[in-house]
Amino acid sequence: MSERLNKPIIFSGMRPTGKLQLGNLFGALDKWIELQDSYHCFFCVVDWHALTTAYEEPGEIRSNIKEMVLDWLSCGIDPEKAVIFRQSDVKQHAELHLLLSMLTPLSWLERCPTYKEQLQQIQTRNLATYGFLGYPMLMAADILLYKAEAVPVGEDQIPHIELTREVARRFNFLYNVKLFPEPQTILNRYKIVPGLDGRKMSKSYNNTIDIATPPGELMDKVRMMVTDPGRIRKDDPGNPEVCTVYSFHNIFSSEILAELEEECRQGKQGCVDCKKRLAKSMAAFLEPIYERRLKLEKYTSLIEDILAAGREKAESVAEVTMAEAREAMGL
Ligand code: SF4
């Protein structure tokens, strides 16, 4: 463990939403897989965060955790390289959240862009709660508990990392310590992964493709993807920039991308053939992940065993930070 901690520390978390989709893979998970070789990574199932919006119907959180961690492992997250754990198992997250909330001005939370946006967008649930307002504060506690130097996030999360830096600065200043580093942002590779209908891939839009889609069903998904709406006949010149199929070729078929683009622009290839080629590229990439998942699913206690081992490692680091934080605050 001590040798690992000589590496720079990364923290990142994911809400347990059940089986992951390609937006999670290319919007976050592929970056985690890359980072786990050169950083000491803490990858956390942030189940308390799930409650900030789903507190009225929390029923599926446990099974969602299992499905999500199975996807992490199938894609290549390695418990030998990274600490994989559940937020609610490490109570120090709650304690640091409480202590940091004492010194965080309310206005810092109220001005978070995601707070106002989500209050407006999610009309079906009552989010006028203390927990929902404070969720970026909980995120700051998650990160600072491990003294993470960097956090891989999507662009929409940048204001939360900025808040984390401000809170770290304020704590260090108020108690005249150098306890918390100010974490940097590592941006994920793809800003937006489109869904089948061309909008951002999201369960709420019902436009997703699961990472664990059986290879035989991929063509059905690809068939549903929207293409250039201006292309009527097979030999009409197309515009790949407005085509969802092309966005996925950009991810899965990078070696033939230039050729595909030219054929599209010159009307040399029909959309049906283009989609067949995409389904083939996707299957080549996703089939090994699918097969790995099938094998892992057979070990019934695997996920709980990994989370239990991760809990021990995370807790030992978290408790050292908490002892220092309590001391700094005169407790
Ligand atoms: Fe899209 Fe391919 Fe059709 Fe061009 S040929 S519009 S890239 S599906």
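The values are calculated or read from the model by the stated rules, or taken from the named source; none is laboratory data. Since the structure is predicted, the reported quantities are computational estimates derived from the model, not experimental observations. Methodologically, a virtual Cβ is constructed for each residue, glycine included, from the backbone with ideal geometry; neighbour enumeration extends over all protein chains shown. To get the accessible areas, we keep the full protein, side chains included, count just its heavy atoms, and leave off ligands, DNA and RNA. Shrake-Rupley method; radii C 1.70, N 1.55, O 1.52, S 1.80 Å.
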Original post:
³J(HN,Hα) across region 291-303 via Karplus (A = 6.51, B = -1.76, C = 1.60, θ = phi - 60°), whole Hz, x for Gly/Pro?
Top reply: 5, 4, 5, 4, 5, 5, 4, 6, 8, 5, 9, 3, 5
Subject >> Expected 222 nm ellipticity per residue - DSSP helices of 4 or more, -39500 (n - 2.57), all of the chain, to 500 >> reply: -15500 deg cm²/dmol
Subject >> For the chain, with +1 on Lys and Arg beta carbons and -1 on Asp and Glu, the positive-most of F132, A308, T164 along the dipole >> reply: F132
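Taking all protein chains in place and a 1.4 Å probe, what share, in percent, of the accessible surface of region 213-293 do carbon and sulfur account for?
Numbers: 2360 of 4460 Å².
Here it works out to 53 percent.
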Original post:
Angle, helix 135-145 long axis vs. longest principal axis of the chain, Cα atoms, 0 to 90°, nearest 10?
Top reply: 70
Original post:
Excluding ligands, DNA and RNA, what is the solvent-accessible area per residue of the chain at a probe of 1.4 Å, expressed in Å²?
Top reply: 50
**OP:** Counting other Cβ atoms within 10 Å, keep those with at most 16, restrict to DSSP loop, and tell me which trypsin sites (Lys or Arg not before Pro) in region 207-276 are left.
**Re:** R233, K234, K268
Subject >> DSSP-loop GluC sites (Glu not before Pro) across region 12-73, with at most 15 other Cβ within 10 angstrom >> reply: E56, E60
Subject >> Dipole magnitude of the chain about its Cα centre (Cβ charges: Lys, Arg +1; Asp, Glu -1), debye to nearest 20 >> reply: 340
**OP:** Grab the eigenvalues of the alpha-carbon gyration tensor for the chain, scale each by 5, take roots, and send me the semi-axes largest first in whole angstrom.
**Re:** 39, 22, 18
Original post:
Two-decimal Rg/Rh of region 213-293 from alpha-carbon positions, Kirkwood Rh?
Top reply: 1.00
Subject >> Backbone HN-Hα couplings from phi across region 272-288 [Karplus 6.51/-1.76/1.60, Hz, Gly and Pro as x] >> reply: 5, 5, 4, 5, 4, 5, 5, 4, 5, 4, 5, 4, 4, 7, 8, 4, x
**OP:** Determine the relative contact order of the chain: mean sequence separation of Cα pairs under 8 Å and six or more apart, normalised by residue count, in whole percent.
**Re:** 22
Original post:
Going down the table (K81/K203; K66/K280; K203/K295; K19/K295; K19/K298; K200/K221), which pairs top 19 Å between alpha carbons?
Top reply: K81/K203; K66/K280; K203/K295
